[in-house]
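Working notes, beginning with the structure itself.
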Amino acid sequence: MELDIFGILDAHRELGLFVILGLGYAVGKIGVRGVKLGSPMGVLFAGLFFGHHGFALSPLIGTLGFIFFIYSVGYEAGPRFFSSFQLDGVRYVQLGLVLAATAIGTTMLAAQVLSLAPGYAAGVLAGALTSTPTLAAAQDALTSGLVDPREGYTIETVKNNIAVAYAVTYVIGLAGLIVVLQILPRLLRLDLEGDARALAALASADKDGDDEMGLAGKGMPSLRIYEMRREQFYGKSLDDLKFLQATGAVICQLRRAETLIELGPDTRLEQGDHIVVLGYRANQIRAARIIGEEIDDPDLEKTPISTRQICLTNREVAGRTLRELGITNTYACITNRVMRGGVELPAQLDMRMEYGDYLVVSGPEPNLERVIAALGIAEPPEHQTDLLTFCLGIAAGLIVGYTTFKVGTLPLGIGTAGGLLVVGLLVGRLRGIHPLFGRVPPGARFLLMELGLMLFLAGVGVRAGAGLLAGLTSAGPSLVLSGVIVMLLPTLVGVAYGRYVLGMNSAILFGALTGGLTSTPALGAVKAQARSNVPAIGYAGVYAFANILLAIAGQLIMILE
């Protein structure tokens, strides 16, 4: 009995779809020395394989995936995209523009010199920069009629060329960039680790070099109770002792005999006081040197401590440093983490907080309420998604994309990808201003973007699979060479511009390069080389802007090709 697996899957295409997705995720886990192909590449390869063996999928699957993915890209970038043009973000915008312009120019030059067939240039750009939005936007430029195929080529042929070039050059963009970013610092004699340490020390320490916010800790702070037994400090105020600056810990409560003492800079410590200290273990050890021995006090151990995620939406405090916000010295709370654009940043005293940043803060509940009132709004605990706004936003994006205007006899429009990106950006921006509007919790946002991307790539791979071998035979070496050039040249130009024109710290610069080239795996390699999370600051600064810019580049290169 002969089992026709492809025949069974073709007869039950819903089964075939999930087999492709499952196998794709399994293939994506394959890697060398911690560098994995990733699920997007795995699903694309699985789709190409099944497509080569005659399997087909409904075009609606890829279309729905494309819609979810592109709209989510705009929504995710919305809060950060517009603020990129403010404060220090101007440098990140410049770097993103330089990287994108160099990449487009290099790709067009390679396409001309190597005589690449229509569609290959867009695929090379998307693959060498590991930018799926570029791939999606380039294919949509054909589907939406924004670009007509060159004479002698069909829309389907050009779209298949895009997919084949993307598949060939993606691995070059993924692994090649990691290798280049590890070699360049040595060639240029840059010390990423030293620069990251210097920046962290400069930003995290006050004039005396003390940790005045307990930022050296990891995880969540805890409560410990001490009894005042250090005779040399009896009668000293917290201000006299510079308690916060010296320890990085926060005194949440102080009980003298049976009376709770109101806390402030002038509060004096007396013999026998029972003191509740909030902080990381290292901070509490320093506090014990001032106060005395740790004790058990069942009543004080019940001090209610909470952790809240706060979105900074108060425009009056946006742009201030973490030190100036006074979360620790004014509200007696501890800042655990700072999140910007979904990326965790190293919490540093002199880093400026931007509109839409999320701060994870721990402290007594009354103090937390004061922090929330000063900064913005606490992320609500419920996990409901505003599907009404989500669906109407997509509908509006599609309408904008379908709309064209005639200039003479020439119809002009921004295409489906452009419409979805624009409306997604606006809805995301409104969400940043009004956090309860259009809410899509992080988990739901990840699922919509990830599933949309995988459905889109499965559709792309299956359609392109039939012409895969012919494409590789005719243009394989040219695509590989183009991929290397397009990955390498923008990186070199970006390093030169960031280092010698913008004067950026090398750890920040190399993190920004990974954001500008939309390579999260490369960020991990840079962070490992710097032995610090400091490069994430640069990555977060440029990533949102670069994602939108490279999506536009996908349509632009199809127009120029």
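Derivation of every value follows stated rules applied to the coordinates shown; laboratory data play no part. Note that the structure is a prediction, hence the values are computed from the model and not measured. So basically every Cβ, Gly included, is an ideal-geometry build from the backbone, and we count neighbours across all protein chains shown.
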task = Working from Cα positions, state the angle (0 to 90°, nearest 10) between the long axis of helix 132-143 and the longest principal axis of the chain.
result = 40
request  = Could you check the simple spin-label distance between VAL19 and LYS36, using points 7 Å along Cα→Cβ, in nm with one decimal?
outcome  = 2.4
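Please compute the net charge surrounding ARG229, taking Lys and Arg as +1 and Asp and Glu as -1 over other residues with Cβ under 13 Å from its Cβ.
Summing Lys and Arg as +1 and Asp and Glu as -1 gives -4.
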remark   = Env charge @ ARG445, Cβ radius under 10 Å, K,R +1 / D,E -1, value -1
query = Normalised by the number of residues in the chain, what is the relative contact order in percent for Cα pairs under 8 Å and 6+ residues apart?
reply = 29
inquiry  = I'd like the orientation of helix 387-402 relative to the chain: the angle between its Cα long axis and the longest Cα principal axis, in ° from 0 to 90, rounded to 10.
reply    = 40
query = If you take the beta carbon distance between ALA11 and ILE155 as r and set R0 to 45 Å, what does 1/(1 + (r/R0)^6) give as a FRET efficiency, to the nearest 0.05?
reply = 0.95
query = How much FRET efficiency would the formula 1/(1 + (r/R0)^6) give for ILE285 and LEU64, where r is the Cβ-Cβ distance and R0 is 45 Å, rounded to 0.05?
reply = 0.20
message = To test your reading of the geometry: what angle, between 0 and 90 degrees and rounded to tens, separates the Cα axis of helix 192-204 from the longest principal axis of the chain?
response = 40
Sorted by Cβ density within 10 Å, fewest first, the residues THR518, THR102 = THR102, THR518
query = Ranked highest first by the average count of other Cβ atoms within 10 Å around their residues, in what order do 263-271, 553-561 fall?
reply = 553-561, 263-271
task = Run the quick spin-label model on ILE295 and THR330: label points 7 Å from Cα toward the beta carbon, then report their separation in nm to one decimal.
result = 3.4
note = With R₀ set to 35 angstrom, the calculated FRET efficiency between the beta-carbons of ALA373 and GLN232, to the nearest 0.05, is 0.35
key: Lysine pairs within the chain, Cα separation less than 30 Å, 8 or more sequence positions apart or different chains   = 16
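Calculated from DSSP H runs of 4 or more alone, at -39500 (n - 2.57) each and per residue, what is the 222 nm mean residue ellipticity of the chain, nearest 500?
Mean residue ellipticity, 222 nm, calculated: -18500 deg cm²/dmol.
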remark   = Taking the alpha-carbon centre of each part, the distance from the stretch 487-561 to the stretch 44-78 in Å is 26
